[in-house]
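What follows draws every value from the coordinates through simple rules; no lab data is involved. If you're wondering where the values come from, they're calculated on a predicted model, not measured in any experiment. Neighbour counts run over all protein chains shown; Cβ positions are idealised from the backbone, glycine included.
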Amino acid sequence: MTPEEIVGAKVARLREAAGLSQAQLGASMATPWSRQAVSAAEKGRRAFTLADLTAVAAALKVSAASLLPDSPHDTPRRKLEADLATAEQDLGKALVKCADLRSRVNFLRAQLDYYDEEDSDG
């Protein structure tokens, strides 16, 4: 992979972990990028200047260094950190869904209790 492809893949992974669309990431940058510009960057088709790296990192709330290609010594740690971030986001989404389902179950039980009371009254 080229350095641009490595940086682009990291941007894509971090953007997805943050739950942002390409358009949302582009719009959140100090100097906004179009969705197409973000897409090109994520595919490694755009060279990154230091200003670009800094702007993308700020929008993703990470350090610019975290977007650079890893050294051979810290690749496993960085991958684990990225995997952990993704797992934490997935857990958060699952907990929200679980709470929504619990509320729905409780609502439906209350409705059934209401109908049971109506049937026993008469």
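Can you give the extra length, in nm with one decimal, that the chain gains between Ser66 and Ile6 once fully stretched, where that is 0.36 nm per residue apart less the Cα-Cα distance?
Going from the current span to full extension adds 20.5 nm.
Quick one: Karplus J couplings for segment 42-50, per residue in order, coefficients 6.51, -1.76, 1.60, θ = phi - 60°, nearest Hz, x for Gly and Pro?
Couplings: 5, 8, x, 9, 9, 6, 9, 7, 4 Hz.
How about segment 1-77: which trypsin sites (Lys or Arg not before Pro) there lie in a loop by DSSP and see at most 14 other Cβ atoms within 10 Å?
For trypsin sites (Lys or Arg not before Pro) across segment 1-77 that sit outside H, G, I, E and B with at most 14 neighbouring Cβ atoms in 10 Å, the list reads Lys43, Arg45, Lys61.
Could you run the Karplus curve 6.51 cos²θ - 1.76 cosθ + 1.60 with θ = phi - 60° over segment 83-93 and give me ³J(HN,Hα) per residue in whole Hz, x for Gly and Pro?
Running phi through 6.51 cos²θ - 1.76 cosθ + 1.60 with θ = phi - 60° gives 5, 5, 4, 5, 5, 5, 5, 4, 4, x, 5 Hz.
What FRET efficiency comes out for the pair Leu80/Val105, r = Cβ-Cβ distance, R0 = 30 Å, nearest 0.05?
Step by step, r from the Cβ atoms, then E = 0.25.
Rounded to the nearest 0.05, what FRET efficiency is calculated for Asp113 and Glu88 with R0 set to 35 Å and r the Cβ-Cβ distance?
With R0 = 35 Å, the Cβ-Cβ based efficiency is 0.40.
Note down the nm distance, to one decimal, between modelled labels 7 Å out along Cα→Cβ at Gln36 and at Asp121.
Between Gln36 and Asp121, the label points sit 6.4 nm apart.
Helix-derived [θ] at 222 nm for the chain: sum -39500 (n - 2.57) over DSSP H runs of at least 4, divide by residue count, nearest 500?
-24000 deg cm²/dmol
Just check segment 1-90 against the gyration tensor rule for me: Cα atoms, a ≥ b ≥ c as the square roots of the eigenvalues, rounded for a/c under 1.5, and otherwise prolate or oblate depending on whether a/b exceeds b/c.
Since a/c reaches 1.5 but b/c is at least a/b, the shape of segment 1-90 is classed as oblate.
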